[in-house]
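Worksheet for the structure shown next.
The values are calculated or read from the model by the stated rules, or taken from the named source; none is laboratory data. Keep in mind it's a predicted model, so treat the numbers as computed, not measured. Note that each Cβ is placed from the backbone with ideal geometry, even for glycine, and that neighbours are counted across all protein chains shown. What goes into the accessible areas is simple: the full protein's heavy atoms, side chains included, and nothing from ligands, DNA or RNA. Shrake-Rupley method; radii C 1.70, N 1.55, O 1.52, S 1.80 Å.
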Amino acid sequence: EFRRVLFRSPLEVVVWQNEEGGLYGSHAATGVVTAQELAGTSSSGKTIREGIAFLGGDPARLDQARKPNGSVHGYFELHIEQGGTLEFEKTDIGIVEGIVAINRWDVTVEGFANHAGTTAMGSRHDALLSAARFVELVNRVVTATPGRQVATVGRLQPFPGAVNVIPGRVECSLEMRDLDASKLKRRSEEHTSELQSRFG
């Protein structure tokens, strides 16, 4: 059902570009995008300035996108849920409670690289096997504490990365998130301490 509604101020709908990667859209609208930002290189290998032109924009006219001070009387931001909570609960819309705090670590697991065909199983120091146990342990430790905290090992790279060599080193990531930054800090310290004591 559609109804005519009269607003005291104009209503604008905006889709910001690259808000998670660099805030270029909102920076242009607020007049704070800098020449240094535009000269930065994106993952495509193009500068931001070149990327804007590639997508059909005119980086020389960015000042025309600036909203004058005082011209915006209110701001309401909608997000598409990246998880599946609303669908699972059969709810149409939710309200964001906050922005989660994030802690990230680079983790290195050391073993000993050796020939895969001649090294007996009992004589191996396989860094990838230890890293796999680390990933499983991260999940076990984080889910053992009630709460909404999450932890992820999203990147895992064995070295030397050959099919016939037992991995001697593994580099991986560890990321923890929680809505409460102080709780995340406390839990991060507790969890990393526990992981170190259990993992050795």
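Things to note:
- Surface composition of the chain: carbon and sulfur make up 54 percent of the accessible area, probe 1.4 Å.
- Dipole orientation for the chain: of the candidates Ser71, His191, Gln157, His191 has the Cα lying most toward the positive pole (charges on Cβ; Lys, Arg +1; Asp, Glu -1).
- Under 30 Å of direct C-alpha separation, and excluding same-chain neighbours fewer than eight residues apart, Lys67 reaches these lysines: Lys46.
- Normalised by the number of residues in region 1-131, the average gap of Cα pairs under 8 Å and 6 or more apart makes the relative contact order 13 percent.
- Extension gain, Glu19 back to Val96 (0.36 nm per residue minus Cα-Cα distance, nm): 26.1 nm
- Kirkwood hydrodynamic radius over Cα pairs of the chain, then Stokes diffusion coefficient at 25 °C and 0.890 mPa s, in µm²/s: 112 µm²/s
- For the options Ala101, Ala132, Ala120, a Gaussian network treatment of the chain with springs between C-alpha atoms closer than 10 Å singles out Ala120 as fluctuating the most.
- DSSP finds beta bridges in the chain, and of those with both partners inside it, around 100 percent are antiparallel.
- Probe 1.4 Å, all protein chains present, accessible-area order of Arg187, Arg124, Arg133, Arg66, largest first: Arg133, Arg66, Arg124, Arg187
- Descending principal axes extents, region 65-157, alpha-carbon based, whole Å: 72, 37, 22
- Relative contact order for region 46-200, counting Cα pairs under 8 Å that sit 6 or more residues apart, in percent: 26 percent
- When the chain is treated as a Gaussian network with alpha carbon springs shorter than 10 Å, the biggest mean-square fluctuation among Gly117, Gly98, Gly70 belongs to Gly70.
- Cα-based helix-to-principal-axis angle, 181-199 vs the chain, degrees rounded to 10: 20 degrees
- When the alpha carbon coordinates of region 144-200 are projected onto the principal axes, the ranges are 45, 22, 16 Å, largest first.
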